[in-house]
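Remarks on the structure that follows.
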Amino acid sequence: MANRNRGPFQNPTGVPVYLELTSVPQEGSITVIFLANSIGVNIHWPRRTPVPCPGHVHCKTDVHRSRTVWKGYAAVEIWRPKPHADWCPTVLEITERLDELLKGRDYRGEVWSLFRQSGRQGHAEVTGHLLQTRASDSCRDPFRVEGVVQRIYRTPHIDFGAESPLPPRVFLAPSQMDPPPTTGTEHQSNDRPPTEAEKQEFRRKIAEMNGQRRSPQPSHSGNGQGGK
Ligand SMILES: [Zn+2]
């Protein structure tokens, strides 16, 4: 899908931008901070043109039964590197694959690196890494995304309450048990073992990603991550 964020993103630093829809680009990566969870829409493909579902009561039966893809839309800010070096508001398109990594918890304040990698049938599926979680009160207030989506599809009749069909991914930390018996043929890994502070941060992130209640941030973060 074309990267639709060329226009306002070219504005000089400090100049307001109008909200547009941003997709994760085919090449390279983007870094975003989520301001709110996404809202979902079922997109029908009765013919070649996508039709957003207005809800099953108002949707024509043949359209409602046609091929359907879920899309989510989230208020985010995208990092613009120098010369801007700022966070630019935009509406991020969330695919089913990305939603698997996000759903089931409040992800406001999470900073993600997002990119595509080849998945099933050679499709370049959206995926990413959680980089950091920032305190909610350090982030911009969320803005409404409905108008941007209505504009894309040129209709106000869209049901924004659709749930994505896939269950959330389950995140588990690798065990720190004794290594297996050696055979003498293993390759040495160059990875350094994580520090105790990093292990704590990993455990906290995993608990969060599994939708558990966030524990209070430690007041003296040793590595400068998290918190603000
Ligand atoms: Zn429908």
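Okay, here's what the table says:
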quantity	calculated
Per-peptide average of other Cβ atoms within 10 Å, ordering 172-180, 85-93, 113-121, 30-38 highest first	30-38, 85-93, 113-121, 172-180
Radius, Kirkwood style, for region 61-142 when every pair of distinct Cα atoms is counted (Å)	14.8 Å
Inter-probe distance in nm under a simple model that places probes 7 Å from Cα toward Cβ, at GLU100 and THR13	4.0 nm
Residues ARG169 and THR61, FRET efficiency given R0 of 25 Å [Cβ-Cβ distance, rounded to 0.05]	0.15
Those residues of region 128-150 whose amide nitrogen sits under 18 Å from the label point placed on ASN210, 7 Å along Cα→Cβ	130
Fraction of alpha-carbon pairs over 34 Å apart in the chain - percent	25 percent
Sequence ranges 94-107, 39-52, ranked by mean other-Cβ count within 10 angstrom, highest first	94-107, 39-52
Tally of Lys pairs whose C-alpha atoms are under 27 Å apart, taken over the chain, 8 or more apart or cross-chain	9
Fully extended contour minus Cα-Cα distance, from GLN121 to TYR153, at 0.36 nm per residue	8.8 nm
Gyration tensor over alpha-carbon atoms, region 77-197, equivalent ellipsoid semi-axes in Å	36, 20, 16
Cα long-axis angle, helix 196-209 against the chain (0 to 90 degrees, to the nearest 10)	30 degrees
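Every number here is computed from the coordinates shown, using simple stated rules; none is lab data. Keep in mind that this is a model prediction, so the values were computed, not measured. Ideal geometry is used to build each Cβ from the backbone, glycine not excepted, and the neighbour counts take in all protein chains shown.
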